[in-house]
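First up is the structure itself, then whatever we jot down about it.
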Amino acid sequence: MAPLKFCANISWLFTEMPDFSQRIHAAASAGFQAVEAAWLYDSDLKELQRARAAAGVEVVLINTPPGDVKAGDLGLGSVPGREAEFRQGLVMAIEYAKALDCKRIHLMAGRVPVGSQRTAVVKEMEAVFVQNLTYAADILSKEGITGLVEPINTRITDPRYFLDCPHQAAVILGKVGQPNIKLQMDIFHWQIMDGNLTHNINKYFPIIGHIQIAQVPGRNEPDSKGELNYNYLFKTLENNGYQGYIGCEYKPLGSTEEGLGWIKDYWTQQEMTSSFDLQ
């Protein structure tokens with residue numbers, strides 16, 4: 001049974017350092033072999049390339065541009081009338097992904113437009129999302145990149161986000177029907193919206209392309225106080241044979257380094273198991 005692989009989400013971790021290049025080095029120094037990030041588009045791409053190469057880490061995941069954040073955007077994939085902007089953002093995301101040898105892009109769905117009722121626009125937004133994902137699948141396949149869709153909970157984090165549960169995402173992925181568009185499972189969001197994690201992991205495992213973690217409800221370290229038993233969840237993922245990366249997308253309670261005891265314990269345990277197996 002292969003051990004799980006973890007990557008540091010440098011939009012959330014190592015924020016003691018002001019720029020992403022420094023965070024890449026900090027993640028490598030802490031023992032991570034890979035990083036992910038939300039939006040790197042305000043950073044100098046060549047500097048990011050140099051930092052990645054010098055640190056010797058893999059860049060696992062980036063997001064498509066959010067749109068106009070000040071105007072309330074958080075992705076454009078399902079937003080009617082913004083298809084051209086979604087495609088422009090996809091071009092930029094691919095540029096950064098190729099430069100950083102990143103093989104996964106989170107295609108952000110976006111929010112229900114202000115003034116609209118979810119029930120009134122859900123069919124139109126789903127149709128737009130399917131259309132945009134189908135378009136993205138063709139473009140990404142030519143680059144060897146996997147597109148991901150991530151449900152974000154609407155109970156705590158973002159009440160207007162369009163894609164909010166794994167069941168909705170699975171229906172949309174079924175309509176897209178492309179093998180390089182997969183489901184991004186953020187356990188934090190899944191627990192808040194639906195719970196039933198063991199069943200949902202097993203049910204949707206064949207279409208899961210990436211995983212992210214945080215404790216519930218505080219969104220802190222996996223071993224912090226909360227609802228989730230991550231030792232059990234990690235074993236569940238191991239038993240399913242998960243071989244991708246798990247993104248550490250959480251808010252450290254203190255400094256990032258102080259909160260890494262849980263992962264160092266996991267790494268130590270795996271080293272001991274490996275040594276025992278070789279005897």
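Figures for the structure shown
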read-out: Count - residues of the range 55-96 that are of a type in the set (Val, Ile, Thr) and in a strand (DSSP E or B); value: 3
read-out: One residue from ARG155, ARG160 being within 19 Å of ARG82 (Cα to Cα) and of a type in the set (D, E, K, R); value: ARG160
read-out: Members of the range 165-207 found to be assigned to a helix (DSSP H, G or I), touching a Leu at 6+ places or on another chain (Cβ under 8 Å) and either under 16 Å from ASN132 (Cβ atoms) or acidic (Asp, Glu) (or both), listed by number; value: ALA169, ILE172, LEU173, VAL176
read-out: Hey, LEU148 outside any helix (DSSP H, G or I) and touching a residue at least 60 places away in the same chain (Cβ under 8 Å) or not; value: yes
read-out: Residues satisfying the stated conditions in the range 79-126, i.e. on the phi < 0 side of the Ramachandran plot, touching a helix residue (DSSP H, G or I) at 6+ places or on another chain (Cβ under 9 Å) and open to solvent by 60 Å² or more (accessible area, probe 1.4 Å); value: ARG87, VAL91, GLU95, LYS98, LYS103, ARG118
read-out: Residue in the range 9-16 that is under 22 Å from LEU163 (Cα atoms), open to solvent by 30 Å² or more (accessible area, probe 1.4 Å), touching a residue at least 12 places away in the same chain (Cβ under 8 Å) and touching a helix residue (DSSP H, G or I) at 6+ places or on another chain (Cβ under 6 Å) present; value: no
read-out: So LYS182, is it touching a strand residue (DSSP E or B) at 6+ places or on another chain (Cβ under 6 Å), open to solvent by 20 Å² or more (accessible area, probe 1.4 Å) and free of Cβ contacts under 8 Å to residues at least 40 places away in the same chain; value: yes
read-out: Residues located in the range 145-179, provided they are open to solvent by 30 Å² or more (accessible area, probe 1.4 Å) and among the aliphatic types (A, V, I, L, M); value: ILE156, VAL171
read-out: Index of the failed condition, MET272 passing every other in (1) among the aliphatic types (A, V, I, L, M); (2) open to solvent by 40 Å² or more (accessible area, probe 1.4 Å); (3) over 25 Å from LYS103 (Cβ atoms); (4) touching a helix residue (DSSP H, G or I) at 6+ places or on another chain (Cβ under 9 Å); value: (4)
read-out: From the options LYS103, LYS142, LYS123, residue that is touching a residue at least 24 places away in the same chain (Cβ under 8 Å) and more than 19 Å from GLY67 (Cβ to Cβ); value: LYS103
read-out: Test: residue in the range 36-55 that is closer than 21 Å to TYR266 by Cβ, modelled with pLDDT of 95 or more and either open to solvent by 70 Å² or more (accessible area, probe 1.4 Å) or in contact with a strand residue (DSSP E or B) (Cβ under 6 Å, 6 or more places away or on another chain) (or both); value: yes
read-out: Test: residue in the range 212-224 that is under 16 Å from GLU150 (Cα atoms), buried (at least 21 other Cβ atoms within 10 Å of the Cβ) and in contact with a Ser or Thr (Cβ under 7 Å, 6 or more places away or on another chain); value: no
read-out: Total residues in the range 220-255, condition out of contact with any strand residue (DSSP E or B) (no Cβ under 8 Å at 6 or more places or on another chain) and either closer than 25 Å to CYS102 by Cα or assigned to a loop (DSSP other than H, G, I, E, B) (or both); value: 18
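The values are calculated or read from the model by the stated rules, or taken from the named source; none is laboratory data. Keep in mind it's a predicted model, so treat the numbers as computed, not measured. Don't worry about glycine lacking a Cβ; one is built from the backbone with ideal geometry, like all the others, and counts go over all protein chains shown. With ligands, DNA and RNA removed, areas are computed over all heavy atoms of the protein, side chains included. Shrake-Rupley method; radii C 1.70, N 1.55, O 1.52, S 1.80 Å.
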